[in-house]
Each structure stands twice: as structure tokens, then as C-alpha cells.
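Every number here is computed from the coordinates shown, using simple stated rules; none is lab data. The structure displayed is predicted, hence computed values, not measured ones.
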Amino acid sequence: MDTLIAFFSSSIGRKVLVAVTGLALVLFLVAHLIGNLLFFLGPDAVNSYAAALKGNPGLLWTARIGLLAVFILHMMNALTLAIRNRQARGPQYQQKDFMEASAASRTMALTGILILLYVFYHLSHFTLGLTHPEHFSMHDAQGRHDVYAMIVHGFSIPIVAWGYVAAMLITAYHLSHGIQSSLQTLGLRNENYVSCIKQFSVLLALLISLGFSSIPLAVQFGIVG
Ligand code: HEM
């Protein structure tokens with residue numbers, strides 16, 4: 001046990017934790033995106049999906065607590081590593097690292113914090129119903145929480161819809177570096193794969209971001225509503 005604690009407190013242990021939790025968050029995003037795309041199938045598909053999730057509180061709360069734990073582990077360890085790296089390097093190395101690292105990798109802490117702020121807003125909007133309670137209290141003809149109407153009303157407000165699109169661009173930027181970095185930490189470091197992994201990361205980041213953005217954009221352009 002002591003050895004495990006020592007490993008996960010070391011820089012390499014923390015890097016592994018950041019990589020594993022980062023990839024777990026990407027899996028959550030892909031699953032959340034697939035659920036969200038039901039929006040294009042209409043109100044019944046979205047509302048019955050949401051009702052099915054809420055109808056299984058044991059599973060829902062296990063997933064929520066697991067997700068929160070993964071999120072906290074990811075952030076705390078990533079920030080600890082970023083601070084340690086900064087402190088460990090002298091100014092001459094900082095200059096060299098700055099020139100070698102990509103802009104996305106240099107801004108991971110900043111984009112991560114912006115994503116955290118977005119998640120706070122998102123939860124108070126769609127999960128807690130704090131920002132627009134009038135959108136949250138609607139029910140469909142079967143008496144289910146009208147998640148479809150909540151999304152349409154929410155994204156009919158231009159600042160909300162475009163704010164989501166901006167947040168998705170920031171998420172894409174964070175993921176484009178985060179996915180490749182995690183895969184490399186976990187051992188995919190073979191010279192032959194490096195460019196392939198980079199392309200895969202950028203493509204997946206863009207697909208996730210475009211997928212999520214398609215919903216506020218579809219509402220704003222009157223394609224769905
Ligand atoms: C257009 C984009 C998105 C839409 C329309 C959307 C929609 C929703 C909705 C409707 C819920 C509440 C589900 C319910 O209580 O019935 C929800 C929950 C949530 N969303 Fe999103 N989401 C989007 C993007 C994102 C992104 C990019 C993230 C993460 C960075 C995210 C993270 C979450 C989390 C953590 C929850 C709470 C899950 C729970 O209730 O336990 N969402 N989302």
C-alpha cells in the first residue's frame with residue numbers, strides 16, 4: 001500500500017493518473033455526446049433517454065460519484081505537475097521548453113480551468129436548473145422532464161448557444177494535446193506511431209467538439225426547434 005501511495009505521489013505516478021483519468025473523461029464525453037445526439041431524433045428520444053437514466057438512481061449516482069472522483073483526480077494531479085514543472089526549471093530551460101512545446105501543451109492548465117468554469121455553468125443550467133429555472137420545470141405530455149424543450153429554450157438565447165460553441169472550441173484545443181499526451185504517457189511512444197497518434201488526437205478532439213456544437217448551432221440556425 002505504501003509503495004502504491006509513493007508511486008502515485010511521484011511525478012511519473014501523477015502523470016499516469018492524469019493520463020488514465022483524462023482518457024476516462026474522454027470516454028465520458030463520447031458517451032455523453034452519443035446521448036446528446038438523440039436530440040436530432042426528436043423530443044421522445046431525448047426525454048425517454050433522460051427518464052431511463054433517472055429511473056435507475058443506483059447506477060446514475062454511482063456514475064456521478066465516479067465521474068466526480070475522476071474529474072478531481074485529473075485536475076489536482078495535472079495542476080500539481082504543472083506547478084512542480086514550473087518550479088523545477090530554471091529560466092534558461094523555461095525559454096527552451098517554451099520554444100519546443102506546442103501552444104496547446106503550454107496552455108493546458110489555462111484551458112483546463114476554462115473547461116471547469118464551463119462545467120460549473122453547464123451543471124447549473126441543465127442539471128440543477130439554477131440559471132434558467134423556467135426552462136427546467138417543463139414536462140412533456142407523458143409527464144417526463146422535458147429535456148428536449150429545455151435544450152431548445154436554452155440554446156435559443158444567442159449568448160448561451162455561442163458560449164457553448166466557444167467552450168467546445170476550447171475543449172477541442174485541450175483534447176488535441178491531452179489525448180496524444182495521455183497515450184504517450186501510457187506507452188504509445190514508438191517513433192512510427194507518433195504522427196499517427198497526433199493526427200488521431202486532433203481528429204477525435206474535433207469530432208467531439210463539432211458533435212457537441214452541432215446542437216446549439218442547429219437551434220440557432222433554426223434547423224431544429
Ligand atoms: C451541446 C453540448 C451539451 C449538451 C446539449 C449537454 C446536455 C446535457 C444535459 C441535458 C444534461 C442533464 C441530463 C439530465 O439531468 O437529464 C447534462 C449533464 C451533464 N453534462 Fe452535458 N451537455 C453538453 C456538453 C457537455 C460537455 C462538453 C461536458 C463536459 C466537458 C458536459 C458535462 C456534463 C456533466 C458532467 C453532466 C452531469 C451528468 C449528471 O447529471 O450526472 N456536457 N448535459
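Quick rundown of the values:
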item: ³J(HN,Hα) computed for each position of region 44-53 - Karplus, 6.51 cos²θ - 1.76 cosθ + 1.60, integer Hz, glycine/proline x; result: 4, 4, 5, 5, 6, 4, 5, 5, 5, 4
item: Under the Karplus curve 6.51 cos²θ - 1.76 cosθ + 1.60, θ = phi - 60°, whole-Hz ³J(HN,Hα) for region 102-115, x wherever Gly or Pro sits; result: 6, 4, 4, 6, 6, 10, 4, 5, 5, 5, x, 5, 5, 5
item: Sequence-separation-based contact order of region 2-220, relative, with Cα cut under 8 Å and 6+ spacing, percent; result: 27 percent
